[in-house]
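J.: The structure is given below, and queries will be raised subsequently.
The values are calculated or read from the model by the stated rules, or taken from the named source; none is laboratory data. For clarity, every value in this text was computed on a predicted model and none was experimentally measured. Here the Cβ positions follow ideal geometry from the backbone for every residue, glycine too, while neighbour counts run over all protein chains shown. We work out accessible area using only protein heavy atoms, side chains counted, and drop any ligands, DNA or RNA first. Shrake-Rupley method; radii C 1.70, N 1.55, O 1.52, S 1.80 Å.
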Amino acid sequence: MNDQNPTVSALTVASLLVDTEPYLSCDDCFERMDQYVERRLADRHHDDLEMTTHLAGCGVCAEEADALEALLREDAQ
Amino acid sequence: MTTVERADSGVDTPTDDDTAWWTHLGQDDPAGHAAMASLHELLLRASRYQVWRLRDLLPGADAAQVDDLAQQAADDALVAVLRKLPTFEGRSRFTTWAFKFGILHAGVAVRSQAWRHREVPLPDTFPLVDPAPSPAAVSEAAQLSRAVHDAIATQLTPHQRRVVLALLVEDVPIDVLADRLGSSRNALYKALHDARQRLRQALIASGDLDAPSTRRTP
Ligand SMILES: [Zn+2]
């Protein structure tokens, strides 16, 4: 930890308090990610509560979903 | 090698391309070998895309090293895809399904490389929030931060505390932390989920956090 500046941002406090119910594991998120991203691309209003909740609380899975979506967008051009 | 049986999901109809992948992958003939080479190309495309997307995490690496990482990730992804092939149910296009393995393995490789020589911090106390400019915001943010600080100290198990602080305060990627702790991404995310629930319950009980409004239905 950085002893020179032992403070955290309000954003970090908020990240600690994210409501990640309903629970979805990282493996199950990965399992569904391809279908979820395709459906989001076809309909930007498409929602899957368990997926959006997991992605709001898991930075690495969210980054992977973003990367997959960006790659598919690039592919479609 | 044997041809893989396609699981009957009854979901989306596979495209002609998907059927071609499905028919040839795993066959020990020229068409099978060509399908395997195409699959590796596909995975390399995804791993390169992701490695370059995360390029800033590797400031010391040159282009050749970055590309080596993409190649290695594509090789790892190929093994994973072939192992998981019997579980492909056609819920997405085959290429989308395969891409996600390339992206996963590339991300893991980049983060692992980026943290290779870094110590993973495992703090067990939570620092207080940085004061904001306006007095009202200061007191509100400081009060919430103090409540979170206390709840982390009193409501979490030592393991939950270490996981939460490493992931969310020190920004250690979850796969890097799993590797260092000899754990898994799933296990750490579950610890994080349980810890957040405990923190939320404590702060709702103390009046520092509003109880959730009715959640949307799926
Ligand atoms: Zn996750």
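J.: Among the residues of the stretch B:46-77, count how many are touching a residue at least 40 places away in the same chain (Cβ under 8 Å) and more than 14 Å from chain A (Cβ to nearest Cβ).
T.: 3
J.: Quick one: what pairs do we get from the stretch B:145-161, first residue over 24 Å from B:ILE174 (Cβ atoms), second charged (D, E, K, R) and open to solvent by less than 50 Å² (accessible area, probe 1.4 Å), C-beta under 9 Å, 6+ apart or different chains?
T.: B:ARG146/B:ASP208; B:ALA147/B:ASP208
J.: List the residue pairs whose Cβ atoms are under 6 Å apart, where the first residue sits in the stretch A:49-65 and is β-branched (Val, Ile, Thr), the second is assigned to a helix (DSSP H, G or I), and the two are 6 or more positions apart or on different chains.
T.: Between residues of the stretch A:49-65 that are β-branched (Val, Ile, Thr) and residues that are assigned to a helix (DSSP H, G or I), the close pairs are A:VAL60/B:ILE174.
J.: Here's another thing I want to ask about it. I need a count of the residues in the stretch B:49-65 that are open to solvent by less than 90 Å² (accessible area, probe 1.4 Å) and outside any loop (DSSP other than H, G, I, E, B).
T.: Residues in the stretch B:49-65 being open to solvent by less than 90 Å² (accessible area, probe 1.4 Å) and outside any loop (DSSP other than H, G, I, E, B): 7 in total.
J.: Go over the candidates A:VAL18, A:VAL60 one by one and state the one that is open to solvent by 10 Å² or more (accessible area, probe 1.4 Å), outside any helix (DSSP H, G or I) and within 16 Å of the ligand (Cβ to nearest atom).
T.: A:VAL18
J.: Out of the residues in the stretch A:30-48 that are part of a helix (DSSP H, G or I) and either more than 9 Å from every other protein chain (Cβ to nearest Cβ) or free of Cβ contacts under 8 Å to residues at least 24 places away in the same chain (or both), state the one that is surrounded by the fewest Cβ atoms within 10 Å (Cβ to Cβ). Steps first, answer last, please.
T.: To start, the set of residues in the stretch A:30-48 that are part of a helix (DSSP H, G or I) comprises A:30-42.
Now restrict to residues that are either more than 9 Å from every other protein chain (Cβ to nearest Cβ) or free of Cβ contacts under 8 Å to residues at least 24 places away in the same chain (or both): A:31-32, A:35, A:39-42.
On the way: A:GLU31: 16, A:ARG32: 19, A:GLN35: 20, A:ARG39: 17, A:ARG40: 19, A:LEU41: 15, A:ALA42: 8.
Across the stretch A:30-48, the extreme among qualifying residues is A:ALA42.
J.: Residues of the stretch A:36-50 being over 19 Å from B:TRP97 (Cα atoms) and basic (Lys, Arg), which ones?
T.: Once the filter is applied, which keeps residues that are over 19 Å from B:TRP97 (Cα atoms) and basic (Lys, Arg), the stretch A:36-50 yields only A:ARG44.
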